[in-house]
Structures are given as C-alpha cells and as structure tokens.
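*Asks:* Got a structure here, written out as structure tokens. Questions coming.
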Amino acid sequence: MTTTDLKTEAREYRTAQVDAGRPISHAQSLEMVARFHGFRDWNTAAGVLPMTRGPVFAVSQRIEGVYLKQPFTGTIIGVAALGAGDMFRLTVQFDEPVDVVTFESFSAYRQRVNATVSRDGISPSRTSDGDPHMVITRRN
C-alpha cells in the first residue's frame with residue numbers, strides 16, 4: 001500500500017459521504033482513511049508508507065533461492081502486489097529448469113513458475129512436510 005492508494009481511498013470515501021448527505025473536507029477524509037489503516041493521522045501515514053511499503057520486487061530483478069526444495073537462480077518477469085502490499089505474486093523465469101518432483105523414477109521440470117511470497121521472500125504455501133514452496137535468499 002502506498003500514499004497514492006490511501007489518497008484514492010480517501011477520495012472514494014469523501015464521495016460516498018457527499019452522496020449520503022454528509023459532506024466532509026478532503027483533509028477529513030485523509031485523516032479517516034489513515035486512522036482506518038491503523039495510523040495515528042495522515043502525516044504519520046504519509047511519512048511511514050514510502051519507507052515501509054515500497055516495492056521489494058521488480059520486473060527484471062535477479063533472484064536466487066529454493067523452489068520446492070530445489071535451488072534456483074532466475075529473473076522476475078512479472079510482479080503483482082496483493083492486498084495491502086505485504087504479499088506479492090511473482091512470475092519467475094529460472095535460468096535452468098528445476099525438477100519439482102522428488103521421486104527418483106520420475107521428473108517434471110519447470111522453467112517458469114508463479115509463486116506468492118511475503119515481503120521477506122517466503123511463500124506462505126507449504127509442501128506436505130511443511131517447507132515453503134519458495135524461499136528467496138538473495139535479491140540483486
């Protein structure tokens with residue numbers, strides 16, 4: 001989430017209030033939205049969000065880590081922030097295909113995958129034995 005997101009939400013809130021016959025100022029709508037998201041006031045939100053909610057993943061960014069217990073290096077080719085910007089949907093192109101099957105008699109290689117990860121690069125989705133689907137250990 002960014003200050004731009006909050007400003008958009010504040011404009012929508014103000015319009016809804018005007019439509020309901022309860023006009024409020026733009027400043028009042030900014031204050032309400034900031035408090036709704038847990039900030040003391042608009043100035044606090046505007047001061048904190050650029051530092052804590054900035055993008056952590058970008059298209060063309062080089063990453064490495066583990067996908068389904070297999071090491072990888074690759075490039076992010078797609079990014080979408082989810083919810084309040086604490087989770088990200090990444091499309092990753094691996095440099096070398098990764099075998100996503102652990103059976104000795106069978107292999108299934110993937111070179112491009114979609115994965116949801118947190119800001120710290122760890123997938124909330126888990127394998128059957130509890131390991132995260134993706135763990136990003138290095139970002140360039």
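*Asks:* Evaluate segment 117-125: report whether one residue or more is in contact (Cβ under 8 Å) with a residue 24 or more places away in the chain, of a type in the set (S, T, N, Q) and in contact with a Phe, Trp or Tyr (Cβ under 9 Å, 6 or more places away or on another chain).
*Replies:* Taking segment 117-125 and keeping what is in contact (Cβ under 8 Å) with a residue 24 or more places away in the chain, we get 117-119, 121, 124.
Narrowing the set further to residues that are of a type in the set (S, T, N, Q) leaves 118.
Subset that is in contact with a Phe, Trp or Tyr (Cβ under 9 Å, 6 or more places away or on another chain): 118.
Looking through segment 117-125, at least one residue is in contact (Cβ under 8 Å) with a residue 24 or more places away in the chain, of a type in the set (S, T, N, Q) and in contact with a Phe, Trp or Tyr (Cβ under 9 Å, 6 or more places away or on another chain).
*Asks:* Among (1) in contact with a helix residue (DSSP H, G or I) (Cβ under 9 Å, 6 or more places away or on another chain); (2) without any contact (Cβ under 8 Å) to a residue 12 or more places away in the chain; (3) of a type in the set (G, A, S), there is one condition A80 misses while meeting the rest; what is its number?
*Replies:* For A80, the failing item is (1).
*Asks:* Report yes if T91 is within 30 Å of K7 (Cα to Cα), open to solvent by less than 50 Å² (accessible area, probe 1.4 Å) and in contact with a Gly (Cβ under 7 Å, 6 or more places away or on another chain), otherwise no.
*Replies:* Numbers: within 30 Å of K7 (Cα to Cα): yes; open to solvent by less than 50 Å² (accessible area, probe 1.4 Å): yes; in contact with a Gly (Cβ under 7 Å, 6 or more places away or on another chain): yes.
For T91, the condition - within 30 Å of K7 (Cα to Cα), open to solvent by less than 50 Å² (accessible area, probe 1.4 Å) and in contact with a Gly (Cβ under 7 Å, 6 or more places away or on another chain) - is met.
*Asks:* How many of the residues making up segment 21-47 are open to solvent by less than 50 Å² (accessible area, probe 1.4 Å), over 17 Å from G83 (Cα atoms), free of Cβ contacts under 8 Å to residues at least 40 places away in the same chain and not aromatic (F, W, Y)?
*Replies:* Residues in segment 21-47 being open to solvent by less than 50 Å² (accessible area, probe 1.4 Å), over 17 Å from G83 (Cα atoms), free of Cβ contacts under 8 Å to residues at least 40 places away in the same chain and not aromatic (F, W, Y): 7 in total.
*Asks:* Related question: Assuming E64 fulfils every condition listed in (1) touching a residue at least 40 places away in the same chain (Cβ under 8 Å); (2) over 16 Å from T137 (Cβ atoms) apart from one, which condition is it?
*Replies:* For E64, the failing item is (2).
*Asks:* Counting only residues that are over 16 Å from the mean Cα position of the chain (by Cα) and on the phi > 0 side of the Ramachandran plot, how many does segment 119-135 have?
*Replies:* 1
*Asks:* Checking K69 against (1) surrounded by fewer than 16 Cβ atoms within 10 Å (Cβ to Cβ); (2) within 28 Å of D5 (Cβ to Cβ); (3) in contact (Cβ under 8 Å) with a residue 60 or more places away in the chain, which single condition isn't satisfied?
*Replies:* (2)
The values are calculated or read from the model by the stated rules, or taken from the named source; none is laboratory data. Quantities reported herein were computed from a predicted structural model and do not represent experimental measurements. Neighbour counts are summed over all protein chains in view; Cβ atoms, including those assigned to glycine, are modelled from backbone coordinates with ideal geometry. These area figures cover heavy atoms from the full protein model, side chains too; ligands, DNA and RNA do not enter into them. Shrake-Rupley method; radii C 1.70, N 1.55, O 1.52, S 1.80 Å.
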